[in-house]
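Colleague: Below: one structure in structure tokens.
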Amino acid sequence: MNEDNRWADPVRLGRALAALRNSLNWTQARLAKEANIPASAVSLYEGGQKLPEIPSLFKLLEAMGYGLCDLDAADNFLIGLQRKREGRGGSTESPAPPDEPWPSGTAGSQATSDRVRAAAAEAGYPMPEDRGRALELWERLKGYGHGARLALVAETREFQVWALSELISHESVDAAPENPAEALNLAHLALEIAGRLPGGRERRLRSQGYARHHLGNALRVQGQLTAARDVFVRAEEEWKAGEGCPGDLLRESQLLDLKASFLTADRRLPEAIAVLDRALSIGELGMKGRLLINKAKAVEEQDDLEKAIVLLKEAQPFVDEQREPRLWLCLRHNLLDFQSKLGRFLEAEALIPEVRRLSQSLGKELDHVRLEWSEGRIDAGLGRTQEGIDRLSRVRAEFVNRKIWYDAALVTLELTTVFLKEGQTAMVKTLAAHLKPIFQAQGVHREALAALTLFSKAAETEKATLTLAENLVTYLRRARHDPKLKFETSRG
């Protein structure tokens, strides 16, 4: 028997399945219950009287926590035992070993039957090793433009792989901070692949729901919250409609994390925190650090910086700098930023060398800009006034050049607080004049513009006070994603 039809032998397959079950000390009834398969079917499979269909085979393996390589290992072990018995003159009443036995040892245990693998691929059945193949496929795809990528995945069956859709979804998340347009393109590409997967409607819906969550995230990053809201609703419908498809390896907590980011941006902060707590309760390996960082951001948006810092410190043991450098940078930078906003300038300053090193290693320009923003705040807070002014001025210019108008307004207001503390009212008037281009730009909502206009008029008449500027900075931080929040003029 050669490798192409090794598992076409029901006797050989049944013996290997029975060996795996016995290793767990399970009865056939227990296995049948865990796999949601009739006990009579399990008995027929293990007795070599019937060959299980591919979905049933994988249900059995999944229920036991085993994979195809474990089935290979059990088969190799049984062949080895039989050879030893025969060498000692034992009975040969049990089925004889194949003429071309599967190689024993490590190499054999790593391989899997071509028949099973081909059938599983045809059925769209996911396997962990598909993720390795997805990396190779993405290397081939990413050199093309968006239109060519879409054409290739539509026309070439080779690219219609669940793990490639998953990988490109994750690439969309990584691209979002620096290149929101590319993040949107990648999410659309992942969705295109998901809609063409083999394996039936449930499989496609599950992967479409996964990819569409990432499309919603890309829209969220672009500030298209209304569109993102509709996309997330449809994504959840697809995800739930595909629930129960066998062998699902997609991670729900990843989607809950994205949904929470949207809810935070949509100022539905209690909902965001509830979603993150639900994701944390799932306990998926490797997600706890990311979820706690996201929760810290939602809590910061509720103006509870103390609790946000506690959450970031709680997240630290669950983030590996080597494996997730971007996430580690996010954690350490947010910790630095939150400390600086609380006025804990020395604690924040101690983190600067590490955050600078991390930013340089990842090479994202916007990371450097945002770090310098925090550094400028720290310099000003520690009495290094001119250094703080220089840094904040450079950050303001960067945001204006990049047309990141809301942050440009915020850093402008922070600069005015420094000048007002120094009694430099002339510079405050100059900065107020620099706010005018922001009034005509998109990206700053009406209530925030009204507050900025109020400050600009006060500055022009030299009536702007430090209290007004500081209150406006606090307001702008809170109102970023809350267009309905009004500035309380009495606070100034």
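Colleague: Sorting Glu238, Glu365 by accessible area (1.4 Å probe), largest first, what list results? Intermediate results must be reported in sequence, preceding the final value.
Modeller: Numbers: Glu238 15, Glu365 115 Å².
I get Glu365, Glu238, largest accessible area first.
Colleague: Still on this structure, I have one more. Beyond 31 Å between alpha-carbons counts as too far, so tell me which of Lys341/Lys486; Lys297/Lys429; Lys295/Lys429; Lys297/Lys364 fall in that bin. List each step's numbers first, then the result.
Modeller: Numbers: Lys341/Lys486 22 Å; Lys297/Lys429 34 Å; Lys295/Lys429 39 Å; Lys297/Lys364 21 Å.
As for pairs spanning more than 31 Å Cα to Cα, those are Lys297/Lys429; Lys295/Lys429.
Colleague: How far apart, in nm, are two points set 7 Å out from the Cα along the Cα-to-Cβ line at Glu236 and at Gln424?
Modeller: 5.0
Colleague: Tell me the accessible surface of Phe345 in square angstrom (1.4 angstrom probe, heavy atoms of protein chains only), to the nearest ten.
Modeller: 50
Colleague: Given a Förster distance of 22 angstrom, what is the FRET efficiency for Gln316 paired with Leu362, based on the Cβ-Cβ distance and rounded to 0.05? Mind showing how you got there, number by number?
Modeller: Working: r = 18 Å, r/R0 = 0.84.
So, using R0 = 22 Å, E works out to roughly 0.75.
Colleague: Grab every C-alpha pair in region 320-437, bin the distances at 10 angstrom width from 0 up to the longest one, and report whole percents.
Modeller: 14, 43, 32, 10, 2
Colleague: Ordered by packing density, taken as the mean number of other Cβ atoms within 10 Å over each peptide's residues, highest first, how do 138-151, 257-270, 303-316 rank?
Modeller: Working: 138-151: 12.9, 257-270: 21.0, 303-316: 17.4.
Output ranking for 138-151, 257-270, 303-316: 257-270, 303-316, 138-151.
Colleague: Which values of log₁₀ I(q)/I(0), to two decimal places, follow from the Debye formula for region 237-375 at q = 0.14, 0.15, 0.19 Å⁻¹ with a uniform point scatterer at every Cα?
Modeller: Summing over Cα pairs of region 237-375 leads to -0.69, -0.78, -1.14.
Colleague: Kirkwood Rh and Cα-based Rg: tell me the resulting Rg over Rh for region 357-423, rounded to two decimals. Walk me through the intermediate numbers first.
Modeller: Numbers: Rg = 12.1 Å, Rh = 12.1 Å.
Rg/Rh: 1.00.
Colleague: Here's a follow-up. Extending each Cα 7 Å along its Cβ direction at Lys486 and Ala151, get the distance between those two points in nm, one decimal.
Modeller: 5.6
Colleague: Defining a contact as two alpha carbons under 8 Å apart and six or more residues distant in sequence, what relative contact order in percent does region 258-414 show? Before the final figure, lay out the partial values.
Modeller: On the way: 167 pairs, mean separation 19.6, N = 157.
Normalised by residue count, the contact order of region 258-414 is 12 percent.
Colleague: So how far, in whole Å, is the C-alpha centre of region 8-74 from the one of region 221-251?
Modeller: Taking the Cα centre of region 221-251 as reference, the centre of region 8-74 is 33 Å away.
Colleague: Let me ask another. Along the Cα→Cβ direction, 7 angstrom out, place labels at Gln224 and Glu324. What is the inter-label distance in nm?
Modeller: My value for the distance between the label points is 2.8 nm.
The values are calculated or read from the model by the stated rules, or taken from the named source; none is laboratory data. Everything quoted here is computed from the prediction, not taken from an experiment. Ideal geometry is used to build each Cβ from the backbone, glycine not excepted, and the neighbour counts take in all protein chains shown. Note: areas computed on protein heavy atoms with side chains; ligands, DNA, RNA excluded. Shrake-Rupley method; radii C 1.70, N 1.55, O 1.52, S 1.80 Å.
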